[in-house]
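Heads up, the thing below is written out as structure tokens.
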Amino acid sequence: MKKITLSIIAVLAFGFSNAQEVKFGAKGGINLSTLTGDIDNASSKVGFQVGGFAEIKLSDKFFVQPELLYSTQGAKNKVSGFGYSEENKLKFGYLNVPVMAKYYVIEKLSLEAGPQIGFLVSAKSEYSSTGFGEDESEKVDVKDQFKSIDFGVNFGAGYDFTENISAGVRYNLGLSNITDFGDGDNAKFKNSVFSLSVGYKF
């Protein structure tokens, strides 16, 4: 994972040292996230992301775009039977730092890929159940059960509607195990996030 961090630093250093032009902007959008690995019946939950970016022009077609995004992620898991149901939601807040290499295949349409490091800001578990004449709910802070740093890789595409306004779709594939349960529990979870965003370049 240290190689990913060093790669991000190297790409940023190369980008700024060879930049022909740098633009800054803000972006925000919707996440559809889940968890993969040793987790049963996981389904997607809706979240959001918001933050800023710098677009570094290296040539007419090739750009580097580092970003700083606050992202809500996680998953939910629901079990139901005759007259009974229970649901558990894992809600994460990450400060993500993706560094995307963007290539314009045609005018206005770009493909992108790059590494991402994420810093865990918050982690909560929300449990609720109904049935048999009783309702239960509980919210627990579980940040100490998850690792503070996550590594992943992003793939996506973007479209520039104007010089200032753009939209993008992206998939974040988590590469590292984010669990830190202890007590001999070796269960491994990885993040998986689809996102749709809109950006504005100043």
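The values are calculated or read from the model by the stated rules, or taken from the named source; none is laboratory data. Remember, it's a predicted structure, so these values are computed and weren't measured experimentally. Ideal geometry is used to build each Cβ from the backbone, glycine not excepted, and the neighbour counts take in all protein chains shown. The protein model used for the area step is the full one, side chains on, heavy atoms only, and it has no ligands, DNA or RNA in it. Shrake-Rupley method; radii C 1.70, N 1.55, O 1.52, S 1.80 Å.
List of remarks:
- Along principal axes, Cα extents of region 132-202, largest first, whole Å: 54, 36, 22
- Model label sites at S125 and L95, defined 7 Å from Cα along the beta-carbon direction, differ in position by 2.6 nm.
- Debye intensity ratio I(q)/I(0), log10, the chain, q values 0.15 Å⁻¹ (C-alpha model): -0.92
- Taking every alpha-carbon pair under 8 Å whose residues sit at least 6 apart, region 79-193 reaches a relative contact order of 22 percent.
- For the chain: accessible area per residue (Å², 1.4 Å): 54 Å²
- Per atom type, region 97-202 shows carbon and sulfur on 58% of its accessible surface, probed at 1.4 Å.
- Shape category assigned to region 44-97 from the gyration tensor of Cα positions, a/c cut at 1.5: prolate
- Using a simple spin-label model with pseudo-atoms 7 Å out from Cα toward Cβ, V153 and D40 lie 3.2 nm apart.
- Pairwise FRET efficiency - E21 versus D135, Cβ, R0 = 45 Å, nearest 0.05: 0.20
- Legend: residue pairs K78/K143; K124/K190; K76/K147; K102/K147, Cα-Cα distance threshold 27 Å; pairs beyond threshold, K102/K147.
- Shape call, region 39-151: gyration tensor on alpha carbons, a/c limit 1.5: prolate
- For region 108-119, 3J(HN,Hα) computed residue by residue from phi via the Karplus equation (6.51, -1.76, 1.60; θ = phi - 60°) reads 6, 10, 10, 10, 9, 7, x, x, 9, 10, x, 10 Hz, glycine and proline entered as x.
- Region 98-155: C-alpha gyration tensor shape, a/c 1.5 cut-off, then a/b vs b/c: oblate
- Residue-averaged 222 nm ellipticity for the chain, from DSSP H runs of 4+ at -39500 (n - 2.57), nearest 500: -2500 deg cm²/dmol
- Apportionment of accessible area to carbon and sulfur, region 17-88, percent (1.4 Å): 55 percent
- Under the criterion of Cα pairs below 8 Å and six or more residues apart, the relative contact order for the chain equals 21 percent.
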